[in-house]
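Since the structure comes first, as structure tokens, the remarks are kept for the end.
Taken together, the values in this text are just the output of simple stated rules run on the coordinates, not laboratory data. Here the structure is a predicted model, which is why all the values come from computation and not from measurement. Cβ atoms come from the backbone with ideal geometry, glycine included; neighbour counts cover every protein chain shown.
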Amino acid sequence: MSVLQRAVREVKTALGNGRVTESIRTKFQAVALMLRDERARVRADESLGETKRAEQLKRLDDVATSLAMSAVRDSRLMVLLSEDAVVSDEARALERDMLRKAGIEVAEEPEPEPEEEPVAPVRSGVVPRSVISRQLANPFMEPDYSISRPSAPRPSRLASWELLEPLLRSFERASAGAPACMDLPEPGSLQTRGGQLLMPHQAEVVEAVAEGHRTFLLADEPGLGKTAQALLAAEAAEAYPLLVVVPNVVKTNWVREAGLWCPRRGVTAVHGNGDSVDGFADIVVVNYDVLDRHVGWLGDFGFRGMVVDEAHFIKNKGSQRSQHVLSLSEKVRSFAGRPLLMALTGTPLINDIEDFLAIWEFLGWIDEKKPLADLMDSLTDTGLTPADREFYPEARQAVVDMGIVRRRKVDVAADIPERRIADLPVELDGPTGRSIRAAERDLAARMMARYDEALAARSGGERAVEGIDRDLVRLVASWEQKDAENSPNGDNVFTMMRRIGQAKAALAADYAAQLARSAGKVVFFAKHVDVMDEAQATFDKQGVRWAAIRGDQSRTARQKNIDAFVEDPEVQVIVCSLTAAGVGINLQVASDIVLAELPWTAAEQTQAIDRCHRIGQSMPVTAWRILAAQTIDARIAELIDDKAGLAAVALDGSEGEIATADAQHATLVALLTSALESRTPALS
């Protein structure tokens, strides 16, 4: 215990002084390993009595808590505690030294086993039935040998040099103004075959693919349309079937965007065990969390293109998800020869320059030890070696030319509107999602029953109505709305929206954290206190520093939080109440807003967005609305948009903004109308 406590004090002192060196990270991991091992030993020691065991476990927990509390603000340390973290040889060696100092006998590190012939991994996971059907329908599916394969590298005098480290250093040493983007061709057209319009910077990437480029690290800032660029690049390269690996929070949005930009292509999403997968789809979207269950059949599917969204998720090459992604990309390259490979991320570097390596390996630019053919040939053509100072800018340019595309909002400000709203639909999975959808069905059924009762109670002359009685629908919606206002705790539209907000909270916060890492400061809006609480807990888990504006704060506390967000570069997110922070404050230091819950009016939504979109804002502002798919959340978004359009048409404001009650009433009308149309489609 004394050895552990001393090591923890050293780590805490270093953290307090802001010196998180590599040796401190190594010591932090070694201490964590010792704590885990000692805890397991104490639990298994049958010679200890229950009292003694509980006492020792309590002391270990106190030390562990002290260590974690000191490290919680540094994501580089917290990631070392994850189950899939790679334990360095240095941390293992330091752990053994510390154990010896504590007087504990430590077995010597065993000699490494001689290398054996690699054994094919045992396939595990599931295979969806429709995928089996596809395989049976294509029993002779083979690699496409008509596509040219990458050539072997030319003989090079760089073959004996260690090159990966110099390549990384070439990015660390880059001078101000060094190119961050490959040369892109002028776009031929801004209109897609589906009739959609591209912005010029998007069309440049699509044109590069049309001219034959096939690998991209697309590192545009959020809000510049990376999803559309990737989908249209697949169209230009005819890279189908296409595999898209994404975080869970954006999986539904990818399916929606694929339908928008590639309407002629079938798209399917992999959920859970894949029971709903369409094995004949052109585009397969899978999230990182379920990749381990499906990596077997995905590897045999015959993909000719692969897109990895939020590619910084694979930066840890020792993690399972990184290994799955890298093995799948290798399968795609072996099958398709020159496939389309795209890594999308606004943040290619999270901790240090080594984060590049996994992305470069996914793209086929390097392997674990050296540059591969195309990059090696480009380095050879420089005529330089790492011993030459001039090698580093030339090497960096060679990597950039392999396909790095980086544009900032300020670079393409003329392409994008000053203020826009982007909807991000999310699936509410599991019991919570099923419960919310069931409550919505129950609400619709209750209103249909009242509608039928009112219709049956009419006299004969009044009952003769052709189709749906729209006036009666509005009347029933008014009754339901009045009941909800008088009994706010029952199952009604208000409680449903609160439950939807609670279910979205962690997903919305996760997306806000991704934005903060890639684009800078983010304003997070919610209506309910428990949604704000859940978001703040998520930020804490991810090591994202935040401030908050709530209705119960004093004026002094409120201003202190605003100042922290505006002035402290370490405070990445401000969590705001729509009611308390919707007016009267200036947060233009941020250009990205996450609306975790929807307000009831377009005016409230506009007021929230205008905390950032105001005089002095030099960047285009994007508001990301997190919408719960297949719920009334999406209906309310449509109503808000309709009313915003109405307000814009009114020249002198005479139309006015709809009142809160009107929006709630319109939501209930839409819900009942939809239910009646589903029951009697002929009447609609």
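For the stretch 166-231, run through the GluC sites (Glu not before Pro) and keep only the ones in DSSP coil with at most 15 other Cβ atoms within 10 Å of their Cβ. Qualifying residues, ordered by number: Glu211. With the convex hull drawn around the C-alpha atoms of the stretch 162-405, the volume per residue stands at 123 Å³. If the segment from Arg9 to Trp161 were pulled out straight at 0.36 nm per residue, it would be longer than the present Cα-Cα gap by 50.5 nm. Applying the criteria of a DSSP loop state and at most 14 other Cβ atoms within 10 Å to the GluC sites (Glu not before Pro) of the stretch 298-384 yields Glu368.
Both radii are taken from the alpha-carbon atoms of the stretch 301-460; with Rh as the Kirkwood radius, Rg/Rh is 1.27. Applying a DSSP loop filter and a limit of 13 other Cβ atoms within 10 Å to the trypsin sites (Lys or Arg not before Pro) in the stretch 292-383 leaves Lys369. Within a straight-line Cα-Cα reach of under 20 Å, Lys370 can be paired with the following lysines, leaving aside sequence neighbours fewer than 8 residues apart in one chain: Lys315, Lys317, Lys331. Across the stretch 162-405, C-alpha contacts under 8 Å between residues 6 or more apart give a mean separation that, scaled by the residue count, equals a relative contact order of 26 percent. The length gained by stretching the chain between Ala537 and Arg470 to full extension, at 0.36 nm per residue less their Cα-Cα distance, is 19.6 nm. You can think of it this way: the chain between Glu485 and Ser435 has 15.8 nm of extra reach, that is 0.36 nm per residue less the Cα-Cα gap. Projecting label points 7 angstrom from Cα along Cα→Cβ for Thr556 and Lys101 puts them 4.5 nm apart. Can you say what percent of the DSSP beta bridges in the stretch 162-405, counting only those with both residues inside, are antiparallel? Round to 5. Beta bridges within the stretch 162-405, antiparallel portion: roughly 10 percent. For Lys527, the lysines whose Cα falls under 19 Å of its own Cα, not counting residues fewer than eight places away in the same chain, are Lys504.
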